[in-house]
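What follows is a set of notes on a single structure, which appears directly below.
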Amino acid sequence: MTTNQDSAPTPFAIPSDALWQNLGWTPSASQLAQLVTLQEQLRLWNSRLNLTRLVEGEDFWISQVVDSLWPLVERLNGPPGPLRCVDVGTGGGFPGLAVAIALPQARLTLIDSVGRKVEAVQAMAEALGLSERVTLRCERVERSGRERSCRGQFDLALARAVAAAPVVAEYLVPLLASGGEALLYRGHWSDQDANDLEQALVPLRAGLQRQERRNLPAERGVRHALVVKPLGPCPAAYPRAVGVPAKTPLGSA
């Protein structure tokens, strides 16, 4: 995958009208300023910690911003309202920080087990003026899912580029409040992947509500968004102990 930082900017390498038209949502002037600041902050912290290679041009505006926000366009264009959101495995702050900017009514909890990443994202949130709405937790999500302050507390749980879908489902479903949604960001997605996820959701008492597919602009690839809803209270056995979900995914033979 190539970048455009050494050539003339394309319409998608900068925050242009073409970029927002493709996304289906346009930020306000203040939100746009925050997104530009987010890129500056990511550039600054990436030089210290090597958080991500997706910092410049289309890498940032498409593969970070658009990819974080496209599954949420209906919410972005809908009426504002309170929203409790959690981003599991936030890494360099995506999708969490982009969502916090795009949904100013939302309160977000960002979880990652790598202390240096958590410190960097916390600093970025403060630089963006988001510290009152964004909370960082440095821990494994299997522990978060058993904490009273997290279990069953969120309207929307997100995970992007974290693990296989059955593993992510076990991370996210215990965090959902009644009526909440888990959003799994995926690249390649097949019928077998869908079957594996559906099998994993059975013991979690959850179901796949819908799946969406789109092509990112500038040939940045196909993306899928999977929306999972609880069908009842998640059994107390989940999430299992740290490391077990990844080692023995639910639904596996």
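Worth pointing out:
- Filter result for the condition that a residue is among the aliphatic types (A, V, I, L, M), surrounded by fewer than 16 Cβ atoms within 10 Å (Cβ to Cβ) and touching a residue at least 24 places away in the same chain (Cβ under 8 Å), over 14, 62: 14
- Candidate set from the stretch 77-87 (those that are touching a Ser or Thr at 6+ places or on another chain (Cβ under 8 Å) and either modelled with pLDDT under 95 or of a type outside the set (D, E, K, R) (or both)); member that is surrounded by the most Cβ atoms within 10 Å (Cβ to Cβ): 86
- Among the residues of the stretch 46-88, just one is farther than 21 Å from residue 132 by Cβ, of a type in the set (Gly, Ala, Ser) and not in a helix (DSSP H, G or I), namely 78.
- Selection count, the stretch 92-115, where residues are among the charged types (D, E, K, R) and either farther than 20 Å from residue 153 by Cβ or surrounded by 24 or more Cβ atoms within 10 Å (Cβ to Cβ) (or both): 1
- When residues of the stretch 21-38 are limited to those that are among the polar types (S, T, N, Q) and surrounded by 18 or more Cβ atoms within 10 Å (Cβ to Cβ), the one nearest to the chain's Cα centre (by Cα): 34
- Unmet criterion (only one of (1) crowded, with 22+ Cβ neighbours inside 10 Å; (2) farther than 15 Å from residue 155 by Cβ; (3) touching a Phe, Trp or Tyr at 6+ places or on another chain (Cβ under 9 Å); (4) not aromatic (Phe, Trp, Tyr)) for residue 125: (3)
- Considering residues of the stretch 178-208 that are among the small types (Gly, Ala, Ser) and in contact with a Lys or Arg (Cβ under 7 Å, 6 or more places away or on another chain) only, the residue surrounded by the fewest Cβ atoms within 10 Å (Cβ to Cβ): 187
Here's the yes/no breakdown for (1) surrounded by 13 or more Cβ atoms within 10 Å (Cβ to Cβ); (2) assigned to a loop (DSSP other than H, G, I, E, B); (3) touching a Gly at 6+ places or on another chain (Cβ under 8 Å):
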site	(1), (2), (3)
210	no, no, no
213	no, no, no
220	yes, yes, no
225	yes, no, no
229	yes, no, yes
234	yes, yes, yes
238	yes, yes, yes
245	yes, no, no
252	no, yes, no
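- Residue match in the stretch 156-177 (condition: at pLDDT 95 or above, of a type outside the set (A, V, I, L, M, F, W, C) and within 30 Å of residue 26 (Cβ to Cβ)): no
The values are calculated or read from the model by the stated rules, or taken from the named source; none is laboratory data. Keep in mind the model is a prediction, meaning the values are calculated, not measured. Because the Cβ atoms are built from the backbone with ideal geometry, glycine has one as well, and the counts that use them run over all protein chains shown.
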